[in-house]
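Inspection log for the structure reproduced underneath, given as structure tokens.
Readers should treat all values here as calculations from the given coordinates under stated rules, not as data from a laboratory. Please read all numbers here as calculations on a predicted model, not as lab measurements.
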Amino acid sequence: MKTTALMVLAVLAVACTTMTPSGPAAIARLEPTKGNTAGGTVTFTQKGDKVVVSANVAGLSPGQHGFHVHEKGDCSADDGMSAGGHFNPFGKPHGNPTSGEHHAGDMPMLNADGTGAATLTAELDPMTIGGGAADIVGKAVIIHKGADDYKTQPTGNSGARVACGVIRKT
């Protein structure tokens with residue numbers, strides 16, 4: 001009986017460690033820019049050569065919102081412009097992070113429901129946590145007012161910045 005119980009516990013422990021990303025982690029606490037109400041958290045966890053991004057946001061207008069890592073970890077400007085442009089250490093064109101070339105900071109859009117809440121979980125590359133040219137620690141996360149068209153260079157034409165948060169290693 002004890003042997004069976006120990007075997008079950010061992011199998012569960014292995015299953016949990018393979019399902020849960022492990023590696024360096026970081027978090028951004030999003031605050032609204034002037035005149036907006038969006039806020040929440042975005043966590044980043046290194047999982048092999050990809051980063052698992054998990055976002056929980058409230059206070060958005062219903063619909064799609066551009067969502068990017070920006071080059072500077074500075075949210076001091078009322079409009080979020082102090083965060084600079086999209087994080088693009090490899091000089092790639094702006095694009096959809098799920099297909100083709102794209103900035104290291106391009107992320108899938110947030111889709112806010114009728115109450116303004118949005119969640120997202122995605123595995124992305126080429127961003128990294130804590131090392132290399134694509135390291136996002138010390139950069140900023142920006143949520144934009146509108147949808148990203150993934151075509152307009154270099155920004156995606158997603159409009160004003162409604163929330164900003166600096167990415168800090170945990």
For this session: Any lysines with Cα under 21 Å of the Lys139 Cα? List them, leaving off those in the same chain fewer than 8 positions away.
Result: Lys34, Lys47, Lys50, Lys72, Lys92, Lys169
Problem set entry | Candidate aspartates and glutamates for bridging to Lys145, where Cα separation is under 15 Å - those fewer than 8 sequence places away on the same chain excluded | Glu31, Asp78, Asp79, Asp113
Problem set entry | Estimated 222 nm signal from helices in the chain, with DSSP H stretches of n ≥ 4 weighted -39500 (n - 2.57), rounded to 500 | -3500 deg cm²/dmol
Exercise. Which entry in [x] 62, 37, 29; [y] 43, 32, 30; [z] 43, 39, 31 is this structure's computed Cα extents along the principal axes in Å?
Worked result: [x]
For this session: On a 0 to 90° scale, report how tilted helix 2-19 is relative to the longest principal axis of the chain, with both axes built from alpha carbons and the result rounded to the nearest 10.
Result: 20
